[in-house]
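Q: The structure is given below, and queries will be raised subsequently.
The values are calculated or read from the model by the stated rules, or taken from the named source; none is laboratory data. Model, not experiment: these values are computed from the prediction. Positions of Cβ are backbone-derived with ideal geometry, glycine not excepted, and every protein chain shown enters the neighbour counts.
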Amino acid sequence: MAAVEKRRPAVAPVAGFTDSGRPAVSRTAATAESEEDFLRQVGVTEMLRAALLKVLEARPEEPIAFLAHYFENMGLRSPANGGAGEPPGQLLLQQQRLGRALWHLRLAHHSQRTAFNNNVSVAYECLSAGGRKKPPGLDGRTYGELLRRICRDGEAPEGVVAPLLHKIQCRDHEAVPLDVFRAGTLTCFVLLEFVARAGALYQLLEDPTLAVADRRVGQAVLDTLEGALQASDAAAAPSRYLEAGSRLGPDSLALAMDRALGARRPGSPMTREEFLEKAAALFIAKVKPVA
């Protein structure tokens with residue numbers, strides 16, 4: 001009887017394990033992991049995360065253009081532009097810091113309170129950073145220059161900017177705390193919006209053929225606006241003054257205009273510049289001066 005040779009089936013190696021029993025890692029997975037580690041170590045992951053958070057905060061109409069501007073300004077924040085790598089000339093460095101601060105302040109509208117306050121803090125840090133010849137902290141001179149840039153870039157009338165800055169700016173040598181910085185920048189942005197709304201209101205009043213408004217009508221509208229502002233809380237934030245102006249309904253304005261036109265005295269022209277300066281003066285009168 002022939003002996004039957006029993007052969008033991010060969011045991012196939014378990015996929016995914018080495019001879020030592022440790023799990024085997026594919027070359028693709030190892031490469032992907034090393035790439036992720038590299039991006040994390042050099043700060044790219046955190047930078048992209050911060051950029052996406054800024055997009056979600058600001059919700060711009062053109063996100064791609066927003067990101068392009070964001071990364072362009074990120075280059076100005078690199079160590080090459082601060083500390084030992086400062087560009088020659090303190091003035092150039094100061095202008096770069098002002099530009100970065102302005103860019104951050106414009107990322108979100110002041111009505112987006114959380115995002116705006118976060119951007120204010122970042123702008124404050126940009127201007128407060130120390131350098132080779134600059135101690136850390138924000139002085140009144142730089143703060144005043146920033147406020148002037150906000151108003152100038154927003155095309156605020158020159159006759160409006162000076163009275164406002166007289167109330168909210170600090171002395172050149174004074175240290176500016178964050179709360180004063182936040183209040184001042186917010187006031188400037190609200191003033192710009194207030195003047196823009198006043199300009200839209202004047203456009204409804206002006207005679208298109210003469211490009212001026214009747215003084216009686218213009219003054220009546222200004223008086224009505226003043227009454228709405230006076231009725232607002234004196235301790236309210238500057239943004240509340242916009243709400244007071246928004247409460248000017250068409251009925252109250254129409255009544256004031258009809259009453260002005262019904263006056264027997266002859267009217268004289270009121271220019272757009274005069275109307276805007278008077279409207280801004282009503283706003284500035286409500287602004288609290290810096291202690």
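Q: Test CYS151 against the criterion of being assigned to a helix (DSSP H, G or I), farther than 15 Å from GLN95 by Cα and of a type outside the set (Ser, Thr, Tyr), and give yes or no.
A: Against the criterion (assigned to a helix (DSSP H, G or I), farther than 15 Å from GLN95 by Cα and of a type outside the set (Ser, Thr, Tyr)), CYS151 qualifies.
Q: May I ask you to list the residues in the stretch 181-219 that are touching an Asp or Glu at 6+ places or on another chain (Cβ under 9 Å), β-branched (Val, Ile, Thr) and farther than 15 Å from ILE150 by Cβ?
A: Listed by number, the list holds a single entry, VAL212.
Q: Still on this structure, please answer the following. Between LEU147, LEU164, which is under 21 Å from TRP103 (Cβ atoms) and surrounded by 17 or more Cβ atoms within 10 Å (Cβ to Cβ)?
A: So the residue among LEU147, LEU164 that is under 21 Å from TRP103 (Cβ atoms) and surrounded by 17 or more Cβ atoms within 10 Å (Cβ to Cβ) is LEU147.
Q: Can you tell me which residue within the stretch 157-173, out of those that are under 15 Å from ARG141 (Cα atoms) and assigned to a loop (DSSP other than H, G, I, E, B), is nearest to the chain's Cα centre (by Cα)?
A: Checked the stretch 157-173; the qualifying residue nearest to the chain's Cα centre (by Cα) is GLN169.
Q: When the stretch 68-109 is examined, which residues are found to be modelled with pLDDT of 75 or more and either in a helix (DSSP H, G or I) or among the polar types (S, T, N, Q) (or both)?
A: GLN94, GLN95, GLN96, ARG97, LEU98, GLY99, ARG100, ALA101, LEU102, TRP103, HIS104, LEU105
Q: Moving on to the next point. Of everything in the stretch 201-227, what is surrounded by fewer than 18 Cβ atoms within 10 Å (Cβ to Cβ), of a type in the set (A, V, I, L, M) and out of contact with any strand residue (DSSP E or B) (no Cβ under 8 Å at 6 or more places or on another chain)? Give them in sequence order.
A: Of everything in the stretch 201-227, those that are surrounded by fewer than 18 Cβ atoms within 10 Å (Cβ to Cβ), of a type in the set (A, V, I, L, M) and out of contact with any strand residue (DSSP E or B) (no Cβ under 8 Å at 6 or more places or on another chain) turn out to be LEU204, ALA211.
Q: Follow-up question, since we're still on this one. Cβ-Cβ under 9 Å, sequence separation 6+ or interchain: first residue in the stretch 141-164 and without any contact (Cβ under 8 Å) to a residue 40 or more places away in the chain, partner polar (S, T, N, Q). Which pairs?
A: GLY144/GLN169; ARG148/GLN169
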